[in-house]
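Here the structure is laid out as structure tokens; the discussion comes afterwards.
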Amino acid sequence: MRIADMDWRMVEDWVRHDDRCVLPLGGTEQHAGLSLATDAILAERLAVEAAEPLDIPVFPVIPFGLSPSFSGFPGTVTVRLATYAALIRDVLDSLKGSGFRRILIVGGHGGNQPAAAIAREWMMDNPDARVRFHAWRHGPLTAAAVRRIDPDACQPAWVENYPWTRLANRPPEEGDKPEVDVDRMHTLPPFEVRLLLEDGSLGGRYQRDDSEMLELWNVAVQETRALLDEW
């Protein structure tokens, strides 16, 4: 259930019998013709769908993360690593203060990977709590499903193109784009990254059939739910 649908008394009652919760992490950055909030939309939706049958509380997604390379694209929001580390630690402190001791972080943006190390460091100071970091697109079952659909899949292309990340006021991108040299991209300043990427995609096919996308989504939901259920 969403924390947005609970009041504080409901949370207090919940943690008396279960100390699990979910914290989605997203980002706000360019995704070619998809929503700037794609990473945040996917992380929160996945977390809610995975936790719903278990009635585990899901906190609102943190919509901003580490996106310095893409700051040349208008609408991108990025924070400093020190700021992000402090934010994650403060949020974990608050969740623990509310009584949550098992926290699943659902990562929806690759740039936020340092959150995994931040969580491990936090646990050193909080040995009575546990945090699991789940970068959902890189889960073994989900990654295998991506490879079955398209062995050459590029992460920011069709893999994030769902009905709920598309924009109603923009026609969908079609076709394929040559993949960029990602290693070289990471050595460039933001304005040169924008010149390199042009539309913001790293390459590959822009869109696949929705039946394939829903099949992939169901795998990701089930894989995430299993992490909660086995805990």
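The values are calculated or read from the model by the stated rules, or taken from the named source; none is laboratory data. Quick caveat, the model's predicted, so the values are computed rather than measured. When we count neighbours, we look across all protein chains shown, and the Cβ atoms used for this are built from the backbone with ideal geometry, even at glycine. Side chains are part of the model used for accessible areas, which takes the heavy atoms of the whole protein and leaves out ligands, DNA and RNA. Shrake-Rupley method; radii C 1.70, N 1.55, O 1.52, S 1.80 Å.
For region 112-231, the Kirkwood hydrodynamic radius comes to 16.8 Å, computed from all pairs of different C-alpha atoms. In plain terms, if you count all Cα to Cα distances in region 62-130 and split them into 10 Å steps from zero, the share in each step is 19, 50, 24, 8, 0 percent.
For the chain, give the share of DSSP beta bridges that are antiparallel, in percent and rounded to the nearest 5; count only bridges with both residues there. Roughly 15 percent of the DSSP beta bridges within the chain come out antiparallel. Equivalent ellipsoid of the chain: semi-axes from √(5λ) of the C-alpha gyration tensor, largest first, are 31, 21, 15 Å.
Under a point-charge model restricted to the Cβ atoms of Lys and Arg (+1) and Asp and Glu (-1), what is the dipole moment magnitude of region 13-131 relative to its Cα centre, in debye to the nearest 20?
On the way: 10 positive and 14 negative charges, 49 e Å.
Computed about the Cα centre, the dipole is about 240 debye.
Across region 66-76, rounded Karplus estimates of 3J(HN,Hα) from the backbone phi angles (6.51 cos²θ - 1.76 cosθ + 1.60, θ = phi - 60°) give 9, 9, x, 5, 9, 6, x, 8, x, x, 5 Hz, Gly and Pro being marked x.
Put simply, when 180-193, 67-80 are sorted by average Cβ atoms within 10 angstrom per residue, most first, you get 67-80, 180-193.
Compute the normalised compactness of region 1-94: alpha-carbon radius of gyration over 2.2 N^0.38 Å, N being the residue count.
Details: Rg = 15.2 Å, N = 94, 2.2 N^0.38 = 12.4 Å.
Here the answer is 1.23, to two decimals.
Using a probe of 1.4 angstrom and keeping all protein chains present, the accessible surface of the chain works out to 49 square angstrom per residue. Between Thr38, Phe191, Gly203, the Cα set farthest toward the positive side of the dipole of the chain (charges on each charged residue's Cβ, about the Cα centre) is that of Phe191.
Grab the other residues whose beta carbon is less than 12 angstrom from that of Ala43, score K and R as +1, D and E as -1, and report the net. Kindly include the intermediate steps, with their values, before the conclusion.
Numbers: positive: Arg45, Arg137; negative: Asp39, Glu44, Glu49, Glu160.
With Lys, Arg at +1 and Asp, Glu at -1, the net is -2.
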